[in-house]
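Notes follow once the structure below has been shown.
Since every read-out is calculated from the coordinates, none of them should be taken as a lab result. Not measured: the values here are computed from a predicted model. Note that we place each Cβ from the backbone using ideal geometry, even for glycine, and neighbour counts take in every protein chain shown.
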Amino acid sequence: MTGKCLKIHFRIFFIAVAMMLASCSESYKSSIPDMSFSPVRINMLQAGYSVLRSPGYFISIDDRYGYRVGYAGLIVGQSSYDMDFEGNMVYYAFDSACPVEADPKVSVTISEDHCHALCPSCKTEYDLNGGGSPVSGEGKEFLKRYKVERVGADVIVIYGD
């Protein structure tokens, strides 16, 4: 093959891969409705939030300054084994609503080990460290995730859809 043909094949290959990745990320639709809320800024130096600096520890946030966040509240924490491209542990923010129930009045609760969540209604257990994946029970869908951005060493910001 000539150099020109190789370049064309590489371009086609990279375009095809990019299209597949884009289509995969856009095709997922959670059973939990999209919720818009003002960004939630958490300073992990404040009392009550310092535990978020510990990998594998998750907490619930039902409201922020009197306003509900998410569909049924949020579960926020740092994964104990998922890392970003720079080698930093990943922060997750999930909606507390169970995808099986899809009801804002049915919230999953964080287990005593602080890294799993359990639905009191359908009994599905979710792995919070593993991106909110169901590990037992009738649930097949992951917990709804919100975007989390780390700002410096001590602040995370959570964005609604």
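Below 12 angstrom from the Cβ of Asp154, what's the summed charge of the other residues (Lys, Arg +1; Asp, Glu -1)?
Surrounding charge for Asp154 is +3.
Taking K and R as +1 and D and E as -1, what net charge do the other residues with C-beta under 10 Å from the C-beta of Gly132 add up to?
Local net charge: -1.
With +1 on each Lys and Arg Cβ and -1 on each Asp and Glu Cβ, how big is the dipole of the stretch 99-161 about its Cα centre, in debye rounded to the nearest 20?
Roughly 160 debye for the stretch 99-161.
Once you list every other residue whose beta carbon is under 15 Å from the beta carbon of Gly56, what net charge do they have if Lys and Arg are +1 and Asp and Glu are -1?
Residues near Gly56 contribute -3 overall.
How large is the dipole of the stretch 27-161 about the Cα centre if only Lys and Arg carry +1 and Asp and Glu carry -1, each at its Cβ, rounded to the nearest 20 debye?
260
Of the listed peptides 70-77, 55-62, what is their order by residue-averaged count of other C-beta atoms within 10 Å, with the highest listed first?
Highest mean packing first, the order is 70-77, 55-62.
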